[in-house]
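The values are calculated or read from the model by the stated rules, or taken from the named source; none is laboratory data. Everything numeric in this text was worked out from a predicted model, so none of it was measured. As a convention, Cβ positions derive from the backbone with ideal geometry for all residues, glycine included, and neighbour counts pool all protein chains shown.
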Amino acid sequence: MKTVEFCSGNLRDNQVVWEALEKIPEVELIDYGCLGYCGNCYSEAFAIVEGRLINADTSEALIKKITQKLNEDN
């Protein structure tokens, strides 16, 4: 099982990312109150994928980057 972690503060604006990733089998989505990336949280969409920060300017771009990272690690 692979993990994708989100900051609750950032996720409010990126619910579409969560909903898209929910459909991928073998991926655990985790929502934390804070991940300590406050600068990123304020300025861009981001998630932690298998321990690595993935960021993007839009939710759609973030979904693409996350799915690419998940597929790389296969």
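Scanning the range 50-74 for residues that are more than 10 Å from V4 (Cα to Cα), in a loop (DSSP other than H, G, I, E, B) and charged (D, E, K, R), we see that the one that is modelled with the highest pLDDT is D57.
Selection of the range 23-44 for residues being at pLDDT 95 or above and loosely packed, with under 11 Cβ neighbours inside 10 Å yields only E28.
Identify all residues within the range 22-49 that are of a type in the set (D, E, K, R) and either touching a helix residue (DSSP H, G or I) at 6+ places or on another chain (Cβ under 7 Å) or part of a strand (DSSP E or B) (or both); write none if there are none. Passing the criteria: E28, D31. Count of the range 31-52 residues, restricted to those that are without any contact (Cβ under 8 Å) to a residue 40 or more places away in the chain, in contact with a strand residue (DSSP E or B) (Cβ under 6 Å, 6 or more places away or on another chain) and within 13 Å of I66 (Cβ to Cβ), is 2. Restricting the first member to the range 10-27 and to residues that are within 14 Å of I54 (Cβ to Cβ), and the second to residues that are surrounded by fewer than 16 Cβ atoms within 10 Å (Cβ to Cβ) and basic (K, R), the beta-carbon pairs closer than 8 Å and six or more apart or on different chains are V27/K2.
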